[in-house]
1. So Ala278 fits all but one of (1) without any contact (Cβ under 8 Å) to a residue 24 or more places away in the chain; (2) crowded, with 17+ Cβ neighbours inside 10 Å; (3) of a type in the set (A, V, I, L, M); what number is the exception?
2. Can you find even one residue in the stretch 253-260 that is closer than 25 Å to Ile151 by Cα, out of contact with any Ser or Thr (no Cβ under 9 Å at 6 or more places or on another chain) and open to solvent by 20 Å² or more (accessible area, probe 1.4 Å)?
3. Restricting the search to the stretch 261-275, which residues are buried (at least 19 other Cβ atoms within 10 Å of the Cβ) and outside any loop (DSSP other than H, G, I, E, B)?
4. Here are some conditions: (1) of a type outside the set (Val, Ile, Thr); (2) under 23 Å from Gly114 (Cα atoms); (3) open to solvent by 50 Å² or more (accessible area, probe 1.4 Å). Ala240 meets all but one. Which one does it not meet?
5. Condition test on Val147, is it among the aliphatic types (A, V, I, L, M) and in contact (Cβ under 8 Å) with a residue 60 or more places away in the chain?
6. Output the residue which, of all residues in the stretch 94-134 that are more than 17 Å from Gly256 (Cα to Cα) and among the aromatic types (Phe, Trp, Tyr), is surrounded by the most Cβ atoms within 10 Å (Cβ to Cβ).
7. Report those helices (runs of 4 or more DSSP H) wholly inside the stretch 107-224 carrying at least 2 residues which are among the aromatic types (Phe, Trp, Tyr) and either under 20 Å from the mean Cα position of the chain (by Cα) or within 18 Å of Leu275 (Cα to Cα) (or both).
8. Among the listed residues Leu58, Leu52, Leu97, Leu84, which satisfies the condition of being closer than 29 Å to Gln168 by Cα, at pLDDT 75 or above, part of a helix (DSSP H, G or I) and touching a helix residue (DSSP H, G or I) at 6+ places or on another chain (Cβ under 8 Å)?
Amino acid sequence: MTSRDHIRNPVEWVGDQVAVGGEAIVRVSRSVGRSAAKVAPPPVRRIAIAELRDVLALGVADFAAYRSDVIVLCVIYPLAGLILAWVTFGYDALPLLFPLASGFALLGPAAAVGLYELSRRREQGADVTWADAFAVLRSPAFGAVLVLGLILLAIFLLWLGTAWVIYQGTLGPEPPASASAFLRDALTTGAGWTMIVVGCGVGFVFAAVVLTISVVSFPMLLDRDPGLVAAVTTSIRAVAANPGPMAVWGLIVTAGLVLGSLPLLLGLVVVMPVLGHATWHLYRRVVAS
C-alpha cells in the first residue's frame, strides 16, 4: 500500500532525479533553438569595481545561510580533483597535472549551476536545502544549460590538448622520469620557462573566452530562460560594457581557486560555493530585471 508520507530511500531519490533528467533532455531542442529575435535583449548595466566587494559579501552571506547543505553538495569538487590527480600520476601524464588543476576554472561556471539555483531560491524567500540544487533538471532552460556546459567541456578538453602540445614542443616528447625531475626541468631550464610562459599566455586566452560567454549566461538561463543564443550574447555584452570589473572578477575567481586548491583541494569546499553564489549576485548587478 502506498502512502503520501512514504519516505524515499536514496536509491528511489536518485531514480527520480534520473527520470527528471531524462524528461529535461527532451526539452533540449526547444530551449536551445528558441530564436534570440523573439526575446528582447535585457539592458546591461555598467558597474564599478568596488561593487565586486558587495557581490562577494552577498556570496558569503548565501554560503553562511546554507553552510552545511552547500558543503555536502560541494564536497564532490575536491574528490573529483584528487581522482584526476591520481589518474594523471598513474598514466604518465604528469605534465597535464597543472593544466588539469588550472583548467578547473573553465568548468567552474557549469559546475556551479546548482549554486546559482540555491541563490535564486533564497532571493525569492523559499526554504532551501542542498537537494534544491538539482531543481535545475526541471528548469525549462535545462537544455540550454546542458549544451552550454558541453561547450565549456569541449573548451576544457581543447585546453588540455593544447597544453600537451606545448609540453611536447618544449620539455617533451619523452615523459618525465619523476615529479621532482619534471619540476626541476620546468623551473631551471630555458625550455621549462618557455613552457610556463607560453602555457600561461594560452591559458589566459582560454579563460577569457569562457568568462566572456558564461559569466552571466548560466544565471540568466535559470532566471528567465531566454534561450542559449540570447544568454551568451548578453554575457558578451556584459563583459564588453564592464571590461575592468570583469577582468578583476576573473582575477578574483582565479585567486580563489588557487587558494582553494590548498591543501589537497579541500579549500574548494568553501571557495566554490562562495564564488558560485557571488556569481549569481554579479549577474543581478549587471543584467537589468
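The values are calculated or read from the model by the stated rules, or taken from the named source; none is laboratory data. Note that the structure is a prediction, hence the values are computed from the model and not measured. Cβ sites come from the backbone with ideal geometry, for glycine too, and all protein chains shown count toward neighbours. The area values use the complete protein model at the heavy-atom level, side chains included, leaving out ligands, DNA and RNA. Shrake-Rupley method; radii C 1.70, N 1.55, O 1.52, S 1.80 Å.
1. (1)
2. Checking the stretch 253-260: at least one residue is closer than 25 Å to Ile151 by Cα, out of contact with any Ser or Thr (no Cβ under 9 Å at 6 or more places or on another chain) and open to solvent by 20 Å² or more (accessible area, probe 1.4 Å).
3. Correct list: Leu268, Val269, Val271, Met272, Pro273, Val274, Leu275.
4. Exception for Ala240: condition (2).
5. Values: among the aliphatic types (A, V, I, L, M): yes; in contact (Cβ under 8 Å) with a residue 60 or more places away in the chain: yes.
Taking the combined requirement at face value, the residue satisfies it.
6. Checked the stretch 94-134; the qualifying residue surrounded by the most Cβ atoms within 10 Å (Cβ to Cβ) is Tyr116.
7. Working: elements: 113-123, 142-170, 179-188, 190-214, 217-224.
Ranges flagged: 142-170, 190-214.
8. Every option except Leu97 fails the conditions.
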